[in-house]
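J.: Here it is: the structure, laid out below.
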Amino acid sequence: MTQLFSGFSAQTPSLTDLDARARDIFRRVVESYLETGEPVGSRTISRGGVALSPASIRNTMQDLAQLGLLDAPHTSAGRIPTHAGLRMFVDGLLEVGDIGEEERRTIESRLFAHGRSFEEAMGEASAILSGLAGGAGVVVAPVREGGVKHVEFVALGADQALAIMVFDDGTVENRLMKRAAGVTPAALQEASNFLNARLRGRTLNEAKVEMAAELDAARRELDTTAARLVEDGLAAWSGGDDADRALIVRGRANLLADTSAREDLERVRRLFDDLEQKGQLIGLLDDVRTAEGVRIFIGAETRLFSLSGSSLIAAPYMTGRQKVLGAIGVIGPTRLNYARVIPLVDYTARVLGRMMDG
């Protein structure tokens with residue numbers, strides 16, 4: 001049996017512990033799997049230009065399997081990379097290029113569309129990634145740390161109002177709200193005045209805690225409809241808790257596009273369940289906020305994706321002053337096209353940050 005490593009635990013091999021032959025065959029197996037989604041056999045590798053017999057290739061693939069880098073699905077004699085194998089490939093063998101000029105123009109034109117609000121921009125960024133990269137695009141709203149400068153409710157018709165919040169850093173957030181029957185312009189103004197008097201200079205987190213006790217008193221001070229507006233307005237803005245922060249997911253249907261077997265459908269069902277775990281997904285994306293660039297989470301590396309066997313490629317988006325606002329990424333099967341998706345996520349995050357920076 002070919003010696004692939006020396007003095008290294010078989011459970012935790014590194015790329016430098018593989019000899020040249022093993023490294024080449026491993027790379028070819030992973031690249032073929034990522035391209036086709038199918039288990040890779042020794043004859044496929046042999047036809048790809050490797051000057052070895054299928055038997056020799058098969059022996060090396062068996063060695064790689066014993067190291068925990070390849071696995072053999074029960075339905076096929078071919079091999080697929082394990083999550084550990086994919087991590088090794090992504091960290092050491094993946095060649096990442098750059099996105100094309102047309103994709104750059106698409107991302108910039110759609111994100112800088114005239115009049116797009118903060119929430120619309122996040123939703124559009126998520127949709128862009130879903131469309132260009134496949135998989136589901138995800139984006140999490142920032143934790144608002146700055147104080148509130150101004151609050152206003154504006155009537156938009158018989159049944160809608162626009163809640164506007166201006167922060168000390170100049171950021172403006174708009175939220176569409178249902179306008180209950182009987183809410184007059186006077187009630188909108190009264191609710192605006194009440195919140196301006198109490199929110200100004202406070203962060204949303206501070207306001208949420210401190211105003212909880214004030215709302216009962218507010219109901220006595222305010223017109224009934226104005227009091228309801230105050231409550232609805234506070235609920236509409238994203239705070240610091242996971243339950244209150246906006247998590248936008250676009251393109252779930254893409255996850256069904258490549259399901260040819262019952263096992264694939266079960267994996268997607270589990271991934272849909274993962275996407276419903278809002279708190280855990282936000283927590284994972286918040287981990288990305290401390291990264292200097294793109295981060296990749298593969299399958300069982302995270303508790304969230306341990307059952308669905310999915311991957312997340314994500315990057316922080318930040319202002320021109322390098323203040324991190326949030327994170328954006330793509331979720332899909334572990335056979336995502338990493339070389340293509342990584343630069344797409346990185347560029348979209350940078351453009352979204354510029355757009356948020358005004």
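FYI, it's all coordinate maths here, none of it is from the lab. Remember, it's a predicted structure, so these values are computed and weren't measured experimentally. Reconstructed Cβ throughout: ideal geometry from the backbone, glycine too, with neighbour counts over all protein chains shown.
J.: What is the set of long-range amide H partners of residue 40 at a cut-off below 5 Å, with H atoms built 1.01 Å from backbone N?
T.: Counting only residues 5 or more places away or on other chains, the set is 79, 80.
J.: ³J(HN,Hα) across segment 300-306 via Karplus (A = 6.51, B = -1.76, C = 1.60, θ = phi - 60°), whole Hz, x for Gly/Pro?
T.: 5, 4, 10, 4, 4, 9, 5
J.: Under 5 Å between amide hydrogens, which residues at least 5 positions from residue 323 or on another chain qualify, with H placed 1.01 Å from N in the peptide plane?
T.: none
J.: When Lys and Arg each count +1 and Asp and Glu each count -1, what net charge do the other residues less than 10 Å away from residue 96, Cβ to Cβ, add up to? Let's see the in-between values first.
T.: Values: positive: 340; negative: 95, 98, 346.
Cβ neighbours under 10 Å give a net charge of -2.
J.: Under a Cβ-Cβ cut-off of 14 Å, what is the net charge of the residues other than residue 28 that fall near it, where Lys and Arg count +1 and Asp and Glu count -1? Write out the running numbers ahead of the final one.
T.: Values: positive: 21, 23, 27, 43, 47, 58, 79; negative: 24, 31, 35, 38, 95.
Around residue 28, the charge tally is +2.
J.: In addition: Can you work out ³J(HN,Hα) from phi for every residue in segment 281-294, in order, using Karplus 6.51 cos²θ - 1.76 cosθ + 1.60 and θ = phi - 60°, giving whole Hz and x for Gly and Pro?
T.: Using θ = phi - 60°, the values come out as 5, 4, x, 5, 5, 5, 4, 5, 4, 8, 7, 7, x, 6 Hz.
J.: While we're looking at this one, here's another question. Amide H neighbours of residue 150 under 5 Å, counting only residues 5+ apart in sequence or on other chains, H built in-plane at 1.01 Å?
T.: 166
J.: Could you go through segment 124-141 in sequence order and give the Karplus-derived ³J(HN,Hα) for each residue, using 6.51 cos²θ - 1.76 cosθ + 1.60 with θ = phi - 60°, rounded to whole Hz, and x for Gly and Pro?
T.: 5, 4, 5, 5, 4, 5, 4, x, 7, 9, x, x, 10, x, 10, 8, 10, 5
J.: Please give the net charge around residue 343, taking every other residue with its beta carbon less than 12 angstrom from that of residue 343, where Lys and Arg add +1 and Asp and Glu add -1.
T.: Values: positive: 104, 340, 350; negative: 95, 98, 103, 346.
So the environment of residue 343 carries a net charge of -1.
J.: Taking the Cα-to-Cβ direction at residue 196 and at residue 169 and moving 7 Å from each Cα, how far apart do the two end points lie in nm?
T.: With each label point 7 Å from Cα toward Cβ, the separation is 2.4 nm.
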